[in-house]
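Data first, discussion second: the structure below is written as structure tokens.
Read-outs throughout are calculated quantities, based only on the coordinates presented, and are distinct from any laboratory measurement. All figures in this text were calculated on a predicted structure; none of them were measured in a lab. Here the Cβ positions follow ideal geometry from the backbone for every residue, glycine too, while neighbour counts run over all protein chains shown.
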């Protein structure tokens with residue numbers, strides 16, 4: 001009887017998610033193969049999102065350029081800038097699109113039901129029926145093109161929305177560092193490539209490959225559709241079936257992401273980043289030690305390392321941060337636990353240092369960690385860190401972002417890899 005709950009859909013699961021006072025439902029659209037999760041509760045700030053698994057094949061920024069381009073008009077909404085018009089005229093509480101290392105997401109949120117369905121309509125039409133097929137100039141505008149600059153001394157320069165955006169990103173040392181961390185930790189996987197785009201590689205992308213990527217990955221069989229809040233479920237499911245999903249037949253889309261085998265030993269890499277002409281190189285060095293940590297589908301491990309990163313590097317009493325600062329290796333220390341990949345990574349970073357401090361940096365990190373393993377960590381610091389982490393989870397204050405959006409991002413850390421979409425939302429048992 002459960003399988004017939006929604007016409008056109010295979011009903012897979014219904015479960016309570018007590019931590020966020022919600023009920024979760026997992027469905028598959030029978031004709032197209034689209035995956036759907038409904039998170040039902042009394043929150044009137046409704047969230048819709050459609051995501052696609054988009055592992056990059058190189059560093060031309062294809063997933064990023066496509067994310068921009070599909071929002072430049074579509075079959076039902078031919079305006080060149082529907083995104084801008086929505087931002088001005090909609091009652092949305094969130095409106096954006098995001099390119100991650102292995103997925104692309106299109107989320108919207110609104111408290112008004114009519115507005116919510118309109119936003120959803122615009123986004124679904126954009127991803128499935130974009131104007132990129134009719135107007136190749138969209139690719140040039142959002143990706144890259146040549147333009148003549150300086151009328152007095154004309155010359156050709158490369159420009160483009162994503163190209164210019166990534167030139168800025170690649171001039172920021174911390175952003176560039178994190179890109180290189182991913183590239184070197186996972187050299188035999190799609191994570192070795194920059195989904196956002198390396199400015200040196202972006203001009204290698206052709207319109208033909210751009211279109212091929214859309215045809216391959218922007219299909220319901222490769223889609224993850226999410227709705228959150230006090231949604232009229234039947235109306236929602238009927239709408240996406242009638243208007244979009246029923247137009248497609250199920251396909252097999254090869255988008256699997258392989259695991260990176262262990263590298264075997266500590267490897268060292270050195271990269272350069274730009275500074276201003278005439279600027280001193282003194283105190284401009286960054287060091288990082290980086291570790292691949294299990295898989296994102298292990299909720300206990302990912303939660304533990306989120307707490308460990310905070311405990312070691314973010315509090316006034318953090319033992320690793322204090323040890324590095326005490327030795328005068330650099331002016332600042334921070335940690336990163338990146339869990340939005342199949343294989344998360346943990347990074348210890350020191351900034352405003354100098355090249356001759358590399359050996360000391362490694363020694364202090366490993367000596368401190370070995371000492372903590374041998375003698376233990378202050379129990380009060382552990383308890384305080386867990387309590388703070390738990391408070392943040394229960395408070396669910398995400399600095400203006402809709403809660404439902406943050407929950408979706410967390411869900412994708414398991415759902416994208418064919419695991420239970422709710423494991424990262426069920427945290428009570430992990431904190432006992």
Can you give the alpha-carbon Rg of region 1-111 over 2.2 N^0.38 Å, where N counts its residues?
1.28
Hey, fewest Cβ within 10 Å first, where do 37, 162, 406 land in order?
406, 37, 162
Region 399-421 and region 144-190 have their Cα centres apart by a whole-number Å value of 29
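Suppose a student asked you for the relative contact order of region 285-395, using Cα pairs under 8 Å spaced at least 6 residues apart; what percent would you report?
It rounds to 32 percent for region 285-395.
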Using the Cα atoms of region 285-395 to build a convex hull, what is its mean projected area in square nanometres?
7.4
Remind me, relative contact order of region 208-328 in percent, using alpha carbon pairs under 8 angstrom and six or more residues apart?
15
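List 293, 202, 65 from most exposed to least, where exposure is judged by having the fewest other Cβ atoms within 10 Å.
Exposure proxy ranking, most exposed first: 293, 202, 65.
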Just 395, 338, 25 to compare: in a GNM of the chain, with alpha carbon springs under 10 Å, which one fluctuates most?
395
The percentage of Cα-Cα pairs in region 212-318 separated by more than 15 Å is 82
Where the centroid of each part is defined by its Cα atoms, how far is region 49-91 from region 302-329 in Å?
39
Among 85-96, 238-249, the order from most to least packed when residues are scored by Cβ within 10 Å on average:
238-249, 85-96
If I model a spin label as a point 7 Å beyond the Cα along the Cα-Cβ vector, how far apart are those points for residue 431 and residue 84 in nm?
4.5
When the Kirkwood radius is taken over all Cα pairs of the chain, what Stokes-Einstein diffusion coefficient follows at 4 °C and 1.567 mPa s, in µm²/s?
55
Could you give the Stokes-Einstein D for region 72-120 in µm² per second, using the C-alpha Kirkwood radius, 25 °C, 0.890 mPa s?
210
Translational D (Stokes-Einstein, µm²/s) of region 66-211 at 4 °C and 1.567 mPa s when Rh comes from the Kirkwood sum over C-alpha pairs?
76
Given 269-276, 140-147, 46-53, the highest-first ranking by average Cβ count within 10 Å works out to 46-53, 140-147, 269-276
Could you check the simple spin-label distance between residue 390 and residue 267, using points 7 Å along Cα→Cβ, in nm with one decimal?
4.1
Work out the FRET efficiency for residue 149 and residue 208 from their Cβ-Cβ distance, taking R0 = 30 Å, and round it to the nearest 0.05.
0.65
Can you tell me the Rg and Dmax of region 167-232, counting just the alpha carbons, in angstroms?
16.5, 47
At what distance in nm do the modelled label points of residue 375 and residue 326 sit from each other, each positioned 7 Å from its Cα along Cα→Cβ?
0.8
Can you work out the FRET efficiency for the pair residue 362 and residue 401, with r the C-beta to C-beta distance and R0 = 35 Å, to the nearest 0.05?
0.40
Relative contact order (%) - criterion: Cα under 8 Å, at least six apart; region: the chain
18
Relative exposure of 59, 306, judged by other C-beta atoms within 10 Å (fewest first)
306, 59
